[in-house]
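The values are calculated or read from the model by the stated rules, or taken from the named source; none is laboratory data. A quick note: this is a predicted structure, and the numbers were derived from the prediction, not measured. No Cβ is skipped: glycine too gets one built from the backbone with ideal geometry, and neighbour counts run over all protein chains shown.
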Amino acid sequence: MKKIVVISAAAVLAASMLSVVVPQASAAPTHEPNVPVTSSSTLSTQAAATTKYWTAARMASAKPIDKVGPKTNPTAAPAQSQGVSVGAPASVAPSLPKAALPTLVPKLTYTTGAVPRPYTNFPDRLNGKVFFTQGGLNYVCSGTVVNSTNKDMIDTAGHCVSDGVGHFHTNWAFVPAYSSSVRGQQPYGIWPARNLNTMTEWHVYSNLKEDLGYANLQTVSGRHIVNYLGGQGTAWNQFLPTIYEFGYPQAAPYNGFDQRLTVSRITAFDDPYQGRYGPLTIKINSTQTGGTSGGGWLISLSTTTGLGWVNSHSSYRYSNNASTLYGPYYGRDSLSLYNATRVR
């Protein structure tokens, strides 16, 4: 049987981007409104314990978080055939760091494959690895530093912050520019979360169309992560057809230590949870495996600054197709979650 596997996946924007036109999956009544939800405040009191918890050995042994989805066959259709608008275009600009750090030269070209080390340039330094505990086991995902009001936000997948049946993860930490389990190869340290955020359609119902997640990080040595490292922008209800997918794939043939990039055009849309609320997901061609969930899909990625806009992230693939990935559409729900998270 075919199954869905959830994989642990500054120019002026308005002048260069297309208004998004995507299909809207049919909405079904839900038991409660689809609204942003946040974890309890206990994470804020556990920062030191979380940082101590993630030893090099635990990081190296953490596993990708893969889950079986609810549908047996994809219903993807060519992207260009769709025609239902889902909201007004909106965006938040990327941000440079406040303080100059060494090795801030952006990449000049972007091609599919391993990202060259060191990961201290733009955009590499804004990509990182997510670590957390669920049900007593340690897992990994990927994530992206994004600009926001509070300067603390990480964009990732909903299943990288919540188990989809009402429980937020624990021991949640982000390691930007992760390169190895060796402490010296984590150039910017470990950043524990102070809260985790997703939508009720993911948090309660495991609806992959709403597989949206953000974490707010603690400050480290008095620094907010965006002020320290910079942050990518975010765009909603709009996209360019070319996606730059970053992540840390860990399932074979990868090892989880290498940051990778896939450049792909958007090829189709999909309805992974038929009958539930939400816009259809976006399909790209990618062979990145478990561990890359939550890794940012960027658009308008500049070869001059290394900055762009996150417009989706890696969410799931079908187990019978190792060459494609799907991510949630950044529409009104994603914007609602972003706005709720940036003030927490």
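Structural remarks
- The criterion of at least 3 residues that are among the hydrophobic types (A, V, I, L, M, F, W, C) and either surrounded by fewer than 24 Cβ atoms within 10 Å (Cβ to Cβ) or in contact with a Pro (Cβ under 9 Å, 6 or more places away or on another chain) (or both) is met by the following strands (runs of 3 or more DSSP E) wholly inside the range 256-310: 260-270.
- Answer from Ala62, Ala47, Ala25, Ala88 - the residue that is surrounded by fewer than 19 Cβ atoms within 10 Å (Cβ to Cβ) and either aliphatic (A, V, I, L, M) or modelled with pLDDT of 85 or more (or both): Ala88
- Single residue of the range 316-344 satisfying the filter (part of a loop (DSSP other than H, G, I, E, B) and of a type in the set (Phe, Trp, Tyr)) that is nearest to Thr234 (Cα to Cα): Tyr330
- Positions within the range 226-265 being at pLDDT 95 or above, of a type in the set (A, V, I, L, M, F, W, C), more than 24 Å from Gly290 (Cα to Cα) and within 17 Å of the chain's Cα centre (by Cα), in sequence order: Val226, Ala235, Trp236
- The residues on offer are Arg276, Arg223, and the sole one that is at pLDDT 95 or above and charged (D, E, K, R) is Arg223.
- Of all residues in the range 130-151, one or more are under 16 Å from the mean Cα position of the chain (by Cα), at pLDDT 95 or above, crowded, with 20+ Cβ neighbours inside 10 Å and not in a strand (DSSP E or B).
- Test: residue in the range 190-201 that is outside any strand (DSSP E or B) and either within 21 Å of Gly256 (Cα to Cα) or at pLDDT below 95 (or both): yes
- When residues of the range 214-230 are limited to those that are assigned to a strand (DSSP E or B) and in contact with a Gly (Cβ under 8 Å, 6 or more places away or on another chain), the one surrounded by the most Cβ atoms within 10 Å (Cβ to Cβ): Ala215
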